[in-house]
Each structure stands twice: as structure tokens, then as C-alpha cells.
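Below is one structure, written out as C-alpha cells, with a few remarks after it.
The values are calculated or read from the model by the stated rules, or taken from the named source; none is laboratory data. In this text the structure is predicted, and so the values were computed from the model without any measurement. All Cβ positions, glycine included, derive from the backbone under ideal geometry; neighbour counts span all protein chains shown. Note: areas computed on protein heavy atoms with side chains; ligands, DNA, RNA excluded. Shrake-Rupley method; radii C 1.70, N 1.55, O 1.52, S 1.80 Å.
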Amino acid sequence: QVQLVESGGGLVQPGGSLRLSCVASGSIFSLNDMGWYRQAPGKQRELVAIITSGGFTNYADSVKGRFTISRDNAKNTISLQMNSLEPEDTAVYYCNARVVRRWGTAEYGYWGQGTQVTVSS
């Protein structure tokens, strides 16, 4: 099995910053693309940022210039530094990882349990 554990959510005022982290553990042969998604009440889950094992990144237009995704392959960890937070960023943030559990097997996607980020004065 593969586990993704997120941390770092909370309540912050508009203009503030938060840093989310996600650690992957378990039966992992290859940890490929990892990313952050978010889901606000009444809305669909959407991509926030993604990072490949080689460090290439992609961001949703709404967070470009404010959020930075990073990765530590040695620790199977990704982080999301969120600056200049806006009320529209309020959502549950989910970590996602594409994992190959054994050599020669297929890649599957796994999700963390989610962490709440609330931006409010």
C-alpha cells in the first residue's frame, strides 16, 4: 500500500502565507509526478501545481507567481509554498502521487486525506 500524509493547513488572513507538505511512504518502486489539487465547497477538484521527478513544474493560472511547488526525492516529499493568499484560495488541498509499486507493473495514482486551508480576515 501507499500512503500520502499532508500537513500545514490552517487559517490565515488575506495576504498571508502557508506551507503545505506531503510525505509518501509504503510500497514504492518509483515515485513519478506529484502534485497538489484543491476542492472548494460546491466546486470540482482542480489542479493547483504539479512537479515531475525531474523537477519540472506546472501551475494553474490562478496561482502562478504566488505558489511554488518543490520536491525532495530523497525524502519522498513535496511542498507547496503559498504566498499572497486570497479568500478564493480557501479549499481542501489534496496531495496526489503517481506511483509504480513494483518493477514492471503499472503506474497508479494515490491521494492524501486532504488538509483545510482557510483564508479569511
Counting only residues 5 or more places away or on other chains, whose amide H sits under 5 Å from the amide H of residue 16 once H atoms are built in the peptide plane? 85
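With a 1.4 Å probe and all protein chains left in place, how much accessible area per residue does the stretch 1-90 have, in Å²?
Values: 4770 Å² over 90 residues.
I get 53 Å² per residue for the stretch 1-90.
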Using 7 Å Cα-to-Cβ label points, what is the residue 84/residue 30 separation (nm, one decimal)? 3.7
Surrounding net charge for residue 83, when Lys and Arg each add one and Asp and Glu each subtract one, Cβ distance under 13 Å: +1
Of 83-91, 50-58, ordering from highest average Cβ density within 10 Å down gives 83-91, 50-58
Any idea what the dipole of the chain comes to, in debye rounded to 20, about its Cα centre with Lys/Arg Cβ at +1 and Asp/Glu Cβ at -1? 280
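Give me the dipole magnitude in Debye, nearest 20, for the stretch 46-86 about the Cα centre, with unit charges on the beta carbon: positive for Lys and Arg, negative for Asp and Glu. Write down the numbers at each step before the final one.
Values: 4 positive and 4 negative charges, 33 e Å.
It comes to approximately 160 debye.
Let me have the relative contact order for the chain, percent, based on Cα pairs under 8 Å that are six or more residues apart. Before the final figure, lay out each step's value.
Numbers: 306 pairs, mean separation 43.9, N = 121.
Computed value for the chain: 36 percent relative contact order.
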Quick one: P(r) of the chain from all Cα-Cα pairs, 5 Å bins, percents rounded to integers, in order of increasing distance. 2, 12, 23, 24, 19, 10, 6, 3, 1, 0, 0
Please report the carbon-and-sulfur percent of the accessible area for the chain; probe 1.4 Å, protein heavy atoms only, DNA, RNA and ligands left out. 49
